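A short worksheet on the structure shown next.
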Amino acid sequence: MDYLSEIEGKQAHDPMFLEKMKESSSSSSSCLCVPGPVIVGAGPSGLATAACLKEKGVPSVILERSNCIASLWQLKTYDRLRLHLPKQFCELPLMGFPTGFPTYPSKQQFVDYFEAYARKFDIKPRFNETVSQAEYDPTLGFWRVTSVGVKGKEMEYVCRWLVVATGENAEAMMPEMEGMGEFSGDIRHTSLYKSGEEFRGKRVLVVGCGNSGMEVCLDLCNHNARPSLVVRDTVHVLPQEMLGTSTFGLSMWLLKWFPLRLVDRFLLIVSWLMLGDTARFGLARPHLGPLQLKNLSGKTPVLDVGTLAKIKSGDIKVRPSIKSLKRHAVEFVNGTTENFDAIILATGYKSNVPSWLKEKVMFSEKDGYPRRPFPNGWKGEYGLYAVGFTKRGLLGTSMDAIRIAEDIQRCWKEEAKHRLAFTNSLLHQSSSL
């Protein structure tokens, strides 16, 4: 496909176009025109989109700030991590997990799957390129994406389509707490936590009671640390499996036949029978059911992998919100004070899109998510797309990746016809001279 014919057409019919291209090349050290879309991020979302595009004959360029694919999984997760959902709900499009993998693959098995996926579809991201800015240029009619390499070298990519695949977990969320500078112990986010081994025998306070916070507490227990868990809000704790199958899979099946509220009620009754009243142990449940809450706010219920038993036995202490930090201690909102050697912040992640994408229509500047809710947040204006922002895990990612590839392929075919007609017109004019 002669991609440059469109550039030539703009140059011939738009007197400002040549000037803009001169400005582009002079303001950066290098400039590359990309025939297909530029995808920002080589995590599961970027890989899935690139694979779906490749299957439809559309090339793409992936820019990744890290030195590997799926950097969150490879570099920022703890050693004992396993998928909390069965593998069939975590597959990327066009390729399933190996049959020998367990129901809940380990971290390394999941990484191996991503590596095999990239090899199968010959996906080769441009690593160590951090996108500092992306903006649509109405004069050019293209996106201009600027990246910065390891040595500070800037590169500009000019493309028709831009796919934002940096996802919901681009940056660690670090809460502000009074006295953080005074606390003498170790304070770190879970993105820097690997194993409880280094905390053996220490008093550790884990802040955040989502799936990561609960599992980090269990890991600390298994390494003979003395963990406490800060529970700042209500939380749904469900067994990972019920009635001999995964809770998530059972929920998805039930939703095919029953209304959401009825399924929520069923899940809560079975959870109460299996786990007891979690409020007795400081884990009060929200008023909304787990599935309804997930749909409305994106807040995921905790799937218990053994932490609740440690809370019931007293091996893990539940504590209220933090009021302030002291040199060796933590003061809680209920007035009590306890000494701790370290604090682990299981406070989640956030989108970083507003920091580099110069666009205010599709993405919210407040939280970096598409303004339109699922399932309509995947497509914006002027060839802008989003994948991995559904708050529905890899199932949502796969749905968006397939939609995006289909939409770009349609545009790709239409523009190919126009380019062919333009090229034939030029050839006809040349033969007439």
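The values are calculated or read from the model by the stated rules, or taken from the named source; none is laboratory data. Since the structure is predicted, the reported quantities are computational estimates derived from the model, not experimental observations. So basically every Cβ, Gly included, is an ideal-geometry build from the backbone, and we count neighbours across all protein chains shown. Ligands, DNA and RNA are excluded from the accessible area calculation, which covers all protein heavy atoms including side chains. Shrake-Rupley method; radii C 1.70, N 1.55, O 1.52, S 1.80 Å.
The helix-only estimate of mean residue ellipticity at 222 nm for the chain, built from DSSP H runs of length n ≥ 4 each weighted as -39500 (n - 2.57), is -10500 deg cm²/dmol after division by the residue total.
Against the criterion of solvent-accessible heavy-atom surface with a 1.4 angstrom probe, 253, 378 sort, most first, into 253, 378. Note on surface exposure: 114, 97, 248 rank 248, 97, 114 by accessible area, highest first, 1.4 Å probe.
Pairs with C-alpha atoms separated by more than 27 Å, drawn from the list 294/379; 56/124; 56/153, are 56/153.
Against the chain, whose longest principal axis is taken from its Cα atoms, helix 15-27 shows a tilt of about 50°.
Considering only beta bridges that DSSP places wholly inside the chain, some 45 percent are antiparallel.
Using θ = phi - 60° and the Karplus curve 6.51 cos²θ - 1.76 cosθ + 1.60, what whole-Hz ³J(HN,Hα) does each residue of the stretch 243-253 get, with Gly and Pro shown as x? So the J values, rounded to whole Hz, are 6, x, 9, 5, 4, 5, x, 5, 4, 4, 5.
Using just the Cα positions, wrap the stretch 38-148 in a convex hull and report its mean projected area in square nanometres, one decimal place. Seen from a random direction, the Cα hull of the stretch 38-148 projects 8.0 nm² on average. Residues of the stretch 64-104 with an amide N closer than 15 Å to a point placed 7 Å from the Cα of residue 245 along the Cα-to-Cβ direction: 86-89. With R₀ set to 22 Å, the beta-carbon distance separating residue 67 from residue 355 gives a calculated FRET efficiency near 0.60.
Summary value for the stretch 134-202: 17 percent relative contact order, contacts being C-alpha pairs under 8 angstrom separated by 6+ residues. With every protein chain in place and a 1.4 angstrom probe, the accessible-area ranking of 187, 343, largest first, reads 187, 343. Volume of the convex hull of the chain (Cα atoms only), normalised per residue: 167 Å³.
Between helix 44-55 and the chain there is an angle of about 40 degrees, using the helix long axis and the longest principal axis of the Cα atoms. Over every Cα atom in the stretch 307-355, the radius of gyration and the widest Cα-Cα span, Dmax, amount to 14.8, 45 Å. Averaging the Cα positions of each part gives two centres, and for the stretch 60-102 and the stretch 128-196 these lie 19 Å apart. Phi-derived couplings, Karplus 6.51 cos²θ - 1.76 cosθ + 1.60 at θ = phi - 60°, listed residue by residue for the stretch 104-116: 10, x, 6, 4, 5, 5, 5, 5, 4, 4, 4, 4, 5 Hz, with x used for Gly and Pro. Here the Karplus relation 6.51 cos²θ - 1.76 cosθ + 1.60, evaluated at θ = phi - 60°, turns the backbone of the stretch 210-226 into coupling constants of x, 4, 5, x, 5, 6, 5, 4, 5, 4, 4, 4, 5, 10, 6, 8, 10 Hz, with x for every Gly and Pro.
Placing a label point 7 Å from the Cα of residue 414 along the Cα-to-Cβ direction, the residues of the stretch 52-74 with a backbone N closer than 19 Å are 53, 56-59. For residue 225, the residues 5 or more places off, or on other chains, whose built amide H falls under 5 Å of its own are 201. The mean sequence distance of close C-alpha pairs (under 8 Å, at least 6 residues apart), as a share of the length of the stretch 175-348, puts its relative contact order at 39 percent.
Remark: the stretch 175-348 projects, on average over all directions, an area of 10.4 nm² (convex hull of Cα atoms).
Surface composition of the stretch 248-324: carbon and sulfur make up 62 percent of the accessible area, probe 1.4 Å.
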